[in-house]
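One structure below.
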Amino acid sequence: MNGCLGRLLTVDLGTGRIGEEAIAENDRRDFVGGASLAARLLYRRLTPTLDPLGPDNPLLFLTGPLTGTAGPAVGRFVVCAKSPATHLWAESNCGGFVGPEIRFTGYDGILFSGRASSPVYLWLNDGKAELRDASRLWGKDAYETQSLIKREAADSLARVACIGVAGERMIPFALILGDHGRVAGRTGMGAVMGSKNLKAVAVRGSSPVPIARAEFQAIRSRANVELRNDNVTKMARETGSAGAAEYFDLLGEMPVRYFSRSGFEGVGQVSGAAMAESILTGVSTCHACVIACGRKVTLGDGPEGKGPEYETIVGFGPNIEVDDLAAITHLGQLCDSLGLDVISMSNTIGLAYALYERGLLTNADTGGIALKWGDPKAAETLIDLTVKGEGIGEWLRRGARGLAKHFGAEEMAVQVNGLEVAYHDPRGATGMGLVYATSPRGACHNQSDYFIVEIGGAMEEIGVTMLDRASSEGKALSVSRHQWWRTLNNSLVMCVFANVPFAAARELVNAATGFDYSAEEFLRCGERGWALKRAMNNRMGLTAANDTLPKALLTPLSEGGAAGVIPDMPTMLREYYAAQGWDAATGRPTKDTLSRLALGEAARDLWGGTTP
Amino acid sequence: MAIPFPSEAWAKALKDVLNNDAEYAQIARNWEGDFVFAIEPDGSLARPVYMYLNLWHGQCLEAMELADPAEKKAAFTLAAPLSVMVRIVQGKLDAMQAMMTRQLKVSGSMVYMMKNVPTVLKFVKCTQKVESEFPVDSGQ
């Protein structure tokens, strides 16, 4: 056993046929697991003409070699397909307990294909899998769906990942939700589930997770102790993911008023610290996690519910100038239960407010709703219209790019390649400019949370160094190496909130898999996964021209901690292509780079000819 | 004249800097909390040194060296080896970087700390204003 079960459950929703496939050991070694291994497995099937919402789009739930162990913050799984939001590579990982439970059933993942003729859900109970009718679940929200399935399975410990109404209606930024509000939020994987009439995946298992060496237990125990005592962990435990909101605001790294301003007067009322001192009533964790960044909050006399994360707080707070934490919490909970990605939804709503302010969107378009900065009620109405697809909702549901295009203001959409920008402004941390421009899934902050490096989270052991956060020159190699590191994280699948050093992660993986990666080999696995996703996107039409930032992020702010700064994209991109070994003219990994990374198939696809 | 770091004299010099810095007084006007700097043995420093500062509403009320950190129940403790602490005080190592890379251990309420980031950053800047004499083998 080498930390991998080596088995995928395959489910053809069109025929109802359920089977399994083996995962080759050399693929497991070269791609580690999670998103990189998923890219390897789906590479041939994601073609330029593939309709993301058609039955041929494969949908893969995959775990990593540490998932289900008690390693540090590794209880995650990833969902991959072609994205309906970007029409490019899609990956979105999720915490909670579903990932470990998949492995406890004896599989590393589940590959769905086809489309069911009517709503179904998968019930995978140890080794037995069946498709069950989900007609009565259709239309239910993401929390009620979980409860109903657990009741039907007569197993309160079953774990469920499901879609809400947004997924059923194939909104391109629909999410998948499991457990206590853990989400695979980005790139619209909920819409792909909806397109397949797949309401949920429910799992329950009891098999042990294979580990290559007994020493793993001591190594993971030590890693957990170190992680528990880590300063960043303490901050996340006490204040959640929004603990640094005040600091980000001070640095000009937290966007305000749809990326047009910096410095939010009400930040002290909406931050993680403010939550801890007001509505916080408990914390929640993912499987075997020592951080416990999840927030439980209570609004008034209502029931205890999920508290907002940083992205929710900024998206429905400073982004639309709302300083009411209760209102922000409510909007976040609403998006979760409907199954909408909070970043994309709040970004698109922020754009609607900005369009309204400029008179490009009027009361005639909104049905008489005034979109005024600071008003959370209007945002709630827009969420409702988005899900219903009524009125302005018809355009909101297309995301920021679609909304802006419809109103003739494409340059106002703060998005990259169809994915709305997350709430870490590259004017406050220029490395994020490269991250957003080159991420394989659009403007994503989890392919590299380089803003953390910019404020001190250097990793000298892999050449990730802290440089002046306002400068651009000389930063690309460090960004590249951080992307490779996070690609490894997304393969394990390890939470990016876990401040686990590279050496500790390698030691854990080696003990779990027995692959005995050297440090160089391990980092190269990250580089390989990164290059493969890039090559796959190139094959689907992405070029160097896609490596851009929206106008708003290239417009200097006049105030705050990032005043006057913009990322120098031409300089950074020139250095970046060299650091990655990509061709600057086409934006493709060069033939030499792909060959060096043993990606011969991709090299042939992109450059023709033969490769070793 | 340069003051040896770490020492009680240095802590008192920092107290003077803090109490004569108008910007610190303004930024830290709501701060209520005392600190212990635990400087761990490193190089020529054979025993730990504990420096205590009582910070209250933009002023430093008390500064001293402690024989035992248990003498004061401080709200916050910042602990690091001498070489790390020297680099922070010299401005060669960003305090946030030291914290995030586990070189500087922080104990105390992170809620309070994160609510008062500007105060913390200004405080660190003030330490750099003390004319300091560092041990020759402290990694300076």
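Values in this text are rule-based calculations from the coordinates and carry no lab data. Just so we're clear, the structure is a prediction, and the values are computed from it rather than from any experiment. In this analysis, Cβ positions are derived from the backbone assuming ideal geometry, glycine residues included, and neighbour counts consider all displayed protein chains.
The table below gives the values:
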item	result
Sparsely packed GluC sites (Glu not before Pro) within segment A:406-505, loop by DSSP, other Cβ within 10 Å at most 15	A:GLU473
Approximate spin-label separation B:GLN59-A:ASP27, in nm, with each point projected 7 Å along Cα-to-Cβ	7.1 nm
Hits among lysines - C-alpha to C-alpha of A:LYS591 under 26 Å, sequence gap 8 or more where chains match	A:LYS82, A:LYS475, A:LYS533
Inter-centroid distance (Cα atoms) of segment A:138-194 relative to segment A:215-284, Å	26 Å
Rounded, prolate or oblate (a/c below 1.5 giving rounded, otherwise prolate when a/b exceeds b/c) for segment A:7-204 by Cα gyration tensor	rounded
Least to most buried among A:GLU20, B:GLU32, A:GLU309 (fewest other Cβ within 10 Å first)	B:GLU32, A:GLU20, A:GLU309
MRE, 222 nm, helices only [DSSP H, n ≥ 4, -39500 (n - 2.57), over chain A, to nearest 500]	-11000 deg cm²/dmol
For A:ARG295, distant residues with modelled amide H under 5 Å away	A:SER284, A:GLY307
Using θ = phi - 60° and Karplus 6.51 cos²θ - 1.76 cosθ + 1.60, couplings along segment A:218-223 (whole Hz; Gly, Pro as x)	5, 5, 5, 5, 5, 4
Residue-wise HN-Hα coupling along segment A:413-428, computed from phi with Karplus coefficients 6.51, -1.76, 1.60 (Hz; x: Gly, Pro)	6, 8, 8, 10, 6, x, 10, 5, 5, 6, 8, 10, 7, x, 6, x
Long-range amide H partners of A:ALA73 with built H, under 5 Å	A:VAL290
Shielding by other protein chains, B:110-122, mean Cβ within 10 Å	6
Packing-based order for A:45-51, A:465-471, using average beta carbon neighbours within 10 Å, highest first	A:465-471, A:45-51
Set B:LYS73/B:LYS129; A:LYS199/A:LYS388; B:LYS15/B:LYS72; A:LYS140/A:LYS196; A:LYS306/A:LYS377 screened for pairs whose C-alpha atoms are more than 23 Å apart	B:LYS73/B:LYS129
Average beta-carbon neighbours from other chains, 10 Å sphere, peptide A:247-254	2
Burial ranking of peptide ranges A:380-387, A:295-302, A:434-441 (average Cβ count within 10 Å, highest at the top)	A:434-441, A:380-387, A:295-302
Shape of chain B, Cα gyration tensor, a/c cut at 1.5	rounded
Cα gyration tensor, segment A:506-608 - rounded (a/c under 1.5), prolate or oblate	oblate
Segment A:231-413: Rg to Rh, with Rh as the Kirkwood radius over Cα pairs	0.99
DSSP beta bridges in segment A:7-204 [antiparallel fraction, %, rounded to 5]	75 percent
Proxy reagent accessibility, fewest Cβ within 10 Å first, across B:LEU78, A:LEU62, A:LEU175	B:LEU78, A:LEU62, A:LEU175
Restricting segment A:486-574 to chymotrypsin sites (Phe, Trp or Tyr not before Pro) in coil, as DSSP defines it, with at most 12 other Cβ within 10 Å	none
Exercise: per-residue mean of other protein chain Cβ atoms within 10 Å, B:93-99	4
Residue-by-residue Karplus 3J(HN,Hα) for segment B:101-117, coefficients 6.51, -1.76, 1.60, Hz, glycine and proline x	9, 6, 7, 10, 9, 10, 10, x, 6, 6, 4, 5, 4, 6, 6, 10, 4
Separation of the B:ASN19 and B:ALA67 label points, Cα + 7 Å toward Cβ, nm	2.5 nm
Interatomic Cα distance distribution for chain A, bins of 20 angstrom, percent	22, 60, 19, 0
